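Contents: one structure, followed by commentary.
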Amino acid sequence: MLASVVRENAIVVDESISTGRTLYPRLRQGRPHDQMNSMGASLGYALPVAIGTSIAAPLRKTIVLSGDGSAMYTLQSLWTMAREGLDVTVVIFANRSYEILRGELKRVGVTSPGQKAQDMLSLDNPAIDFVKLAQGHGVEAGRATSLEELHSEMTRGLRSEGPYLIEVIC
């Protein structure tokens, strides 16, 4: 679905490591565009990089793909996007977890983290409402809980000329 809606000449900033590992090969099937990825160890990379790409190439649409945990590191970027009227569509994959950090625990041999560790990696107590957070930063936003809703929200976001955030409930 993302490959079908990505605009030609768009810049895709992808930090959706846990949720989006398989997106790159699929996005290559879409219209020609540039894609920027982090090699890891930089939670919060995507939102500030999207500001940079949008300022550097104002005639090109920037699309951000980020996890909810990563986005929380640099959420104030939304305010800058709104203030500067940047043409950025932000997609937050909300799996309600620092899933990348759960993977790191497994890599170091922790197969059964204790309750305290699990609580530290959870983003659901209380659940973070990215639509309200975006609106509070001056960014229009919507939520998707199905592929059809995501398609509708992506279409809306890509048609906007300023920042737009989509929270995708995973």
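The values are calculated or read from the model by the stated rules, or taken from the named source; none is laboratory data. Quick caveat, the model's predicted, so the values are computed rather than measured. With ideal geometry, Cβ positions are generated from the backbone for all residues, glycine too; neighbour counts draw on all protein chains shown.
In the set (1) of a type in the set (D, E, K, R); (2) under 25 Å from Asn9 (Cα atoms); (3) surrounded by 13 or more Cβ atoms within 10 Å (Cβ to Cβ), the condition left unmet by Arg83 is number (3). The condition (being surrounded by 15 or more Cβ atoms within 10 Å (Cβ to Cβ), touching a Ser or Thr at 6+ places or on another chain (Cβ under 9 Å) and either touching a residue at least 40 places away in the same chain (Cβ under 8 Å) or more than 18 Å from Pro48 (Cα to Cα) (or both)) is satisfied by just one residue among Ser122, Ser70: Ser70. In a residue-by-residue description of the stretch 49-71, the property of being among the charged types (D, E, K, R), in contact with a Lys or Arg (Cβ under 6 Å, 6 or more places away or on another chain) and not in a helix (DSSP H, G or I) applies to at least one position. The set of residues in the stretch 20-48 that are among the hydroxyl-bearing types (Ser, Thr, Tyr) and part of a loop (DSSP other than H, G, I, E, B) comprises Thr22, Ser38, Ser42, Tyr45.
Conditions (1) among the small types (Gly, Ala, Ser); (2) more than 18 Å from Leu65 (Cα to Cα); (3) modelled with pLDDT of 95 or more; (4) exposed (fewer than 13 other Cβ atoms within 10 Å of the Cβ), marked per residue:
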{"residue": "Arg96", "(1), (2), (3), (4)": "no, no, no, no"}
{"residue": "Ile100", "(1), (2), (3), (4)": "no, no, no, no"}
{"residue": "Ala117", "(1), (2), (3), (4)": "yes, yes, no, no"}
{"residue": "Thr145", "(1), (2), (3), (4)": "no, no, yes, yes"}
{"residue": "Glu153", "(1), (2), (3), (4)": "no, no, yes, no"}
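Filtering the stretch 155-170 to residues that are in a helix (DSSP H, G or I), out of contact with any helix residue (DSSP H, G or I) (no Cβ under 8 Å at 6 or more places or on another chain) and surrounded by fewer than 17 Cβ atoms within 10 Å (Cβ to Cβ) leaves Arg156, Arg159.
Scanning the stretch 77-96 for residues that are over 14 Å from the mean Cα position of the chain (by Cα) and either more than 17 Å from Gly136 (Cα to Cα) or hydroxyl-bearing (Ser, Thr, Tyr) (or both) yields Thr80, Asp87. When residues in the stretch 1-51 are screened for being under 13 Å from the mean Cα position of the chain (by Cα), surrounded by fewer than 13 Cβ atoms within 10 Å (Cβ to Cβ) and at pLDDT 80 or above, 0 of them pass. What residue, among those in the stretch 55-76 that are under 10 Å from the mean Cα position of the chain (by Cα) and among the polar types (S, T, N, Q), is modelled with the highest pLDDT? Here the residue is Ser66. Filtering the stretch 80-107 to residues that are hydrophobic (A, V, I, L, M, F, W, C), closer than 22 Å to Pro126 by Cβ and in a helix (DSSP H, G or I) leaves Ile100, Leu101.
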